[in-house]
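Since the structure comes first, as C-alpha cells, the remarks are kept for the end.
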Amino acid sequence: VQLQASGGGLVQPGGSLRLSCAASGYFFSIGAMGWFRQAPGKQRELVARITSGGSTNYADSVKGRFTISRDNAKNTVYLEMNSLKPADTAAYYCNADVYGSSWFNYWGQGTEVTVSS
C-alpha cells in the first residue's frame, strides 16, 4: 500500500491550497484518514482527521480555515486550506488506516507547504 500526496507549494499569506493523497495497492478497505504536519524543529502534529463514515476533527489552530474530505471511490483524502498563515508552513503528511490481511497504519511522503510573502 502506498499513499501518494500532492498539492503543496508556495503561497502568500491569506491564500489557499488543496492537498490530495491517494491510496494505491492491494487492500480491502480504508478506515480513518488524516493529515499531519511537521514544521522545522517541531514535533509532528495532527491537523485533521476523517473517519470512514465522514466524521471529522481538527486541530484548534486550523478550525474554520481547513476542511478535510474524502472520496471513498477514489481512495483519496483531501485537505482544503484557506486563509493560510506563515505558521502553517510545514511538511504535510497524509496517514491512513488500511485493511489488507489486518489493519495497518500507513504514512505518505511529505508535501511541503510554504506560506510567505
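The values are calculated or read from the model by the stated rules, or taken from the named source; none is laboratory data. None of the values given here were measured: they were computed from a predicted structure. For neighbour counting, all protein chains shown are included, and Cβ atoms are generated from backbone atoms with ideal geometry for every residue, glycine included. Note: areas computed on protein heavy atoms with side chains; ligands, DNA, RNA excluded. Shrake-Rupley method; radii C 1.70, N 1.55, O 1.52, S 1.80 Å.
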Are there any pairs, at least 6 apart or on different chains, whose C-beta atoms fall under 8 Å, with the first in region 61-79 and among the hydrophobic types (A, V, I, L, M, F, W, C) and the second open to solvent by 50 Å² or more (accessible area, probe 1.4 Å) and part of a strand (DSSP E or B), and if so, which?
Phe66/Tyr58; Phe66/Glu80; Ile68/Arg49; Ile68/Thr56; Ile68/Tyr58; Ile68/Glu80; Leu79/Arg18; Leu79/Thr67
When the residues of region 12-66 are filtered to those that are aromatic (Phe, Trp, Tyr) and surrounded by 12 or more Cβ atoms within 10 Å (Cβ to Cβ), which remaining residue is modelled with the lowest pLDDT?
Phe27
Restricted to region 84-104 and to residues being over 18 Å from Ser6 (Cβ atoms), open to solvent by less than 60 Å² (accessible area, probe 1.4 Å) and not β-branched (Val, Ile, Thr), the residue nearest to the chain's Cα centre (by Cα) is Asp97
Picking from Tyr92, Tyr106, which residue would you name as being touching a Gly at 6+ places or on another chain (Cβ under 8 Å) and of a type outside the set (Gly, Ala, Ser)?
Tyr92
Of the criteria (1) under 13 Å from Val113 (Cβ atoms); (2) assigned to a strand (DSSP E or B); (3) not small (Gly, Ala, Ser), which one Val62 fails:
(2)
Matching residues in region 1-11 (of a type in the set (Val, Ile, Thr) and surrounded by 16 or more Cβ atoms within 10 Å (Cβ to Cβ)) number 1
